[in-house]
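K.L.:
Have a look at the structure that comes next, please.
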Amino acid sequence: MFTSTVGAPISARTPDQLAACYTHITVTPASPHIGAEITDIDLTRELTAEQITEVKDAFVRYQVLFFRDQKISFDDHIRFASLFGTLGRHAGAQTISKPTDHPLVRKFHYDETSQRISGESWHSDQSCAPFPPLGSMLYNHTVPPDGGGDTMFASTYAAFDALSDRMMAYLSGLTATHDGSRVFGPGTPKSSHPVIIRHPESGRRGIFVNWDFTSHINELPRNESDAVLKFLYRHIGRDEWACRFRWRPHSIAFWDNRCAQHKALWDYWPNVRSGFRVQIEGAAPPVAG
Ligand code: SIN
């Protein structure tokens with residue numbers, strides 16, 4: 001009989017032992033499987049080499065990092081994000097986000113005139129691209145006054161780890177089509193990626209299909225593909241490996257698109273939520289796990 005396990009948390013160490021790993025920043029886990037808030041850091045200034053090493057370590061370990069009270073400019077945003085790779089442009093033809101006067105920064109602004117927002121279903125950003133982005137860094141300077149507009153994050157590692165051995169074996173070797181036209185309309189890329197991928201830095205395996213972009217699993221008949229994807233979407237979105245980020249003005253969320261999915265909650269109309277986002281290019285296509 002299969003015994004369901006939610007899997008080991010990110011670290012078996014105690015919070016005190018974990019905090020001791022980081023001596024140049026403070027890292028506070030947001031949940032057992034995903035997310036950490038980083039404090040004792042000022043992103044309006046150049047970071048020290050030690051801080052950079054520790055933030056990079058925390059990013060790989062926690063999959064999404066949160067920062068508070070950071071009144072960053074476009075230059076600060078770009079300087080910090082560029083530590084993780086080359087900044088890239090959005091793959092979407094028609095997106096809800098808008099360009100700014102800087103080609104690498106997009107504006108994510110919602111108010112009483114908004115009909116919808118970006119990213120309301122679980123997804124990883126632009127998985128339709130041949131090289132999906134490594135990560136995205138969203139800075140919100142303005143958030144609804146009474147709460148709302150939280151972003152949910154889910155660990156696709158923990159979701160993978162909780163599958164049965166038989167399901168892992170069944171999914172391994174399969175590939176899926178990710179179709180940008182489902183979200184961005186015609187003229188956007190369509191790519192195939194492995195259903196189970198291995199993260200290039202952590203070496204951990206995760207599930208790489210998502211509600212927004214994945215149209216079908218290539219090697220299965222359509223009715224079987226639909227049923228498997230439906231199961232996987234519900235499985236990835238389970239509360240056990242999710243965390244919820246409550247925005248405050250001048251907060252930042254920085255997620256790893258290769259092992260975290262996210263969705264934005266639109267529960268704040270007609271209030272304003274406004275900020276800027278940059279994305280870091282993926283250096284390679286996802287590799288089968
Ligand atoms: C998105 O996924 O496109 C936006 C995420 C957010 O606004 O929280």
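K.L.:
What number of residues within segment 270-289 are assigned to a strand (DSSP E or B) and within 14 Å of the ligand (Cβ to nearest atom)?
P.N.:
Selection size over segment 270-289: 7.
K.L.:
While we're here: Here's a check for you: in segment 39-57, which residue that is in contact with a helix residue (DSSP H, G or I) (Cβ under 9 Å, 6 or more places away or on another chain) and outside any loop (DSSP other than H, G, I, E, B) is most open to solvent (accessible area, probe 1.4 Å)?
P.N.:
56
K.L.:
For segment 214-228, give me each residue that is in contact with a Leu (Cβ under 7 Å, 6 or more places away or on another chain) and either of a type in the set (Gly, Ala, Ser) or open to solvent by 70 Å² or more (accessible area, probe 1.4 Å) (or both).
P.N.:
If the condition is that a residue be in contact with a Leu (Cβ under 7 Å, 6 or more places away or on another chain) and either of a type in the set (Gly, Ala, Ser) or open to solvent by 70 Å² or more (accessible area, probe 1.4 Å) (or both), then 219 is the only one that fits.
K.L.:
Would you tally the residues in segment 77-101 being touching a Phe, Trp or Tyr at 6+ places or on another chain (Cβ under 9 Å) and within 17 Å of residue 38 (Cα to Cα)?
P.N.:
4
K.L.:
Okay, next question. Would you say residue 102 is open to solvent by 20 Å² or more (accessible area, probe 1.4 Å), away from the ligand (no atom under 14 Å from the Cβ), in a loop (DSSP other than H, G, I, E, B) and more than 22 Å from residue 248 (Cα to Cα)?
P.N.:
yes
K.L.:
Taking the criterion of being touching a residue at least 12 places away in the same chain (Cβ under 8 Å), away from the ligand (no atom under 13 Å from the Cβ) and surrounded by fewer than 21 Cβ atoms within 10 Å (Cβ to Cβ), would at least one residue in segment 259-269 satisfy it?
P.N.:
yes
K.L.:
Another question, if that's okay. When residue 285 is evaluated against the numbered criteria (1) open to solvent by less than 50 Å² (accessible area, probe 1.4 Å); (2) not assigned by TED's automatic domain parsing to the domain that holds residue 35, which criterion, by number, is the only one it fails?
P.N.:
Of the numbered conditions (1) open to solvent by less than 50 Å² (accessible area, probe 1.4 Å); (2) not assigned by TED's automatic domain parsing to the domain that holds residue 35, the odd one out for residue 285 is (1).
K.L.:
Somewhere in segment 239-251, is a residue in contact with a helix residue (DSSP H, G or I) (Cβ under 9 Å, 6 or more places away or on another chain), surrounded by fewer than 18 Cβ atoms within 10 Å (Cβ to Cβ) and at pLDDT 95 or above?
P.N.:
Among the residues of segment 239-251, at least one is in contact with a helix residue (DSSP H, G or I) (Cβ under 9 Å, 6 or more places away or on another chain), surrounded by fewer than 18 Cβ atoms within 10 Å (Cβ to Cβ) and at pLDDT 95 or above, which makes the answer yes.
K.L.:
Another question, if that's okay. Among the residues of segment 18-38, how many are out of contact with any strand residue (DSSP E or B) (no Cβ under 8 Å at 6 or more places or on another chain) and not in a helix (DSSP H, G or I)?
P.N.:
Final tally of qualifying residues: 4.
K.L.:
Which members of segment 229-238 meet the condition of being in contact with a helix residue (DSSP H, G or I) (Cβ under 9 Å, 6 or more places away or on another chain) and surrounded by fewer than 20 Cβ atoms within 10 Å (Cβ to Cβ)?
P.N.:
Once the filter is applied, which keeps residues that are in contact with a helix residue (DSSP H, G or I) (Cβ under 9 Å, 6 or more places away or on another chain) and surrounded by fewer than 20 Cβ atoms within 10 Å (Cβ to Cβ), segment 229-238 yields 231, 235, 237, 238.
K.L.:
Looking at segment 105-210, what strands (runs of 3 or more DSSP E) fall wholly within it and have at least 3 residues that are away from the ligand (no atom under 11 Å from the Cβ) and within 13 Å of residue 286 (Cβ to Cβ)?
P.N.:
Fully inside segment 105-210 and qualifying: 175-179, 190-194, 196-198, 205-207.
K.L.:
Among the residues of segment 66-92, what is the count of those that are part of a loop (DSSP other than H, G, I, E, B), surrounded by fewer than 18 Cβ atoms within 10 Å (Cβ to Cβ) and more than 15 Å from the ligand (Cβ to nearest atom)?
P.N.:
Within segment 66-92, residues that are part of a loop (DSSP other than H, G, I, E, B), surrounded by fewer than 18 Cβ atoms within 10 Å (Cβ to Cβ) and more than 15 Å from the ligand (Cβ to nearest atom) number 6.
The values are calculated or read from the model by the stated rules, or taken from the named source; none is laboratory data. Computed from a prediction, not measured in an experiment: that's the story for all the values here. Positions of Cβ are generated from backbone atoms using ideal geometry, with glycine treated the same way; all protein chains shown enter the neighbour counts. Note: accessible area is taken over every heavy atom of the protein model, side chains too, but ligands, DNA and RNA are not part of it. Shrake-Rupley method; radii C 1.70, N 1.55, O 1.52, S 1.80 Å.
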